[in-house]
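Everything on this sheet refers to the single structure shown next.
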Amino acid sequence: MPGTPLVILGTTNNKDGFSILFSETVHMQLAGWSGLMVQEEFRPDETVPYNNFDFKVEIHSATGEINLVFGVQQSNSTISKYKAIYNEVSETWSLVDITAP
């Protein structure tokens with residue numbers, strides 16, 4: 001559906017992590033993070049198709065910069081890259097599409 005975002009934040013959005021919902025079934029890959037730890041069992045498996053995903057994290061920031069970057073591959077092979085940024089004041093995550101044009 002044109003105009004529908006590929007990725008949106010789900011209902012979980014707090015210091016322990018966040019959930020994301022996809023507008024279509026995708027494959028995803030964790031690309032990196034800063035100021036937090038993502039345990040192995042809470043990382044996406046790039047061979048599995050997803051309609052949604054819950055990131056569970058442990059925040060360990062000394063710098064105040066807390067983010068997580070992941071890539072999403074659609075069925076048409078288009079790859080998009082997203083950065084989830086944590087705000088320590090509101091204790092919520094925001095999602096930014098950082099796909100290069």
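Summary of values
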{"item": "Segments 6-14, 28-36, 57-65 sorted - mean Cβ within 10 Å per residue, highest first", "result": "28-36, 6-14, 57-65"}
{"item": "For Thr12, residues with placed amide H under 5 Å, excluding near neighbours", "result": "Ser19"}
{"item": "Full-stretch length increase - Leu21, Ile79 - with 0.36 nm per residue and alpha-carbon distance subtracted", "result": "19.3 nm"}
{"item": "In sequence order, calculated HN-Hα J values of the range 46-53 (Karplus, 6.51, -1.76, 1.60; Hz; x Gly/Pro)", "result": "5, 8, 9, x, 10, 9, 7, 7"}
{"item": "Sequence-distant residues sharing a close amide H with Ile66 (under 5 Å, placed H)", "result": "Tyr86"}
{"item": "Lysines whose Cα lies under 17 Å from that of Lys15, excluding same-chain neighbours fewer than 8 positions away", "result": "Lys56, Lys83"}
{"item": "Cut-off 14 Å between beta-carbons: net charge of the residues surrounding Asn14, Lys and Arg +1, Asp and Glu -1", "result": "-3"}
{"item": "Residues in the range 1-39 that a label on Glu88 would reach, taking backbone N under 16 Å of a point 7 Å out along Cα→Cβ", "result": "15-16, 34-37"}
{"item": "Charge sum, other residues only, whose C-beta stays under 13 Å from Pro44's C-beta, Lys/Arg counted +1 and Asp/Glu -1", "result": "-3"}
{"item": "Among Ser80, Ser19, Ser90, residue whose mean-square fluctuation peaks in a GNM of the chain (springs only between Cα atoms under 10 Å)", "result": "Ser90"}
{"item": "Label-point gap, in nm, between Asn51 and Thr4 - each point 7 angstrom along Cα→Cβ", "result": "1.2"}
{"item": "Under 5 Å, built H, 5+ apart or other chain: amide partners of Thr99", "result": "Lys81"}
{"item": "Cβ charges +1 (Lys, Arg) and -1 (Asp, Glu), total dipole of the chain, debye", "result": "220"}
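Since every read-out is calculated from the coordinates, none of them should be taken as a lab result. Bear in mind that the values here come from a model prediction, so they are computed numbers and not experimental data. Neighbour counts run over all protein chains shown; Cβ positions are idealised from the backbone, glycine included.
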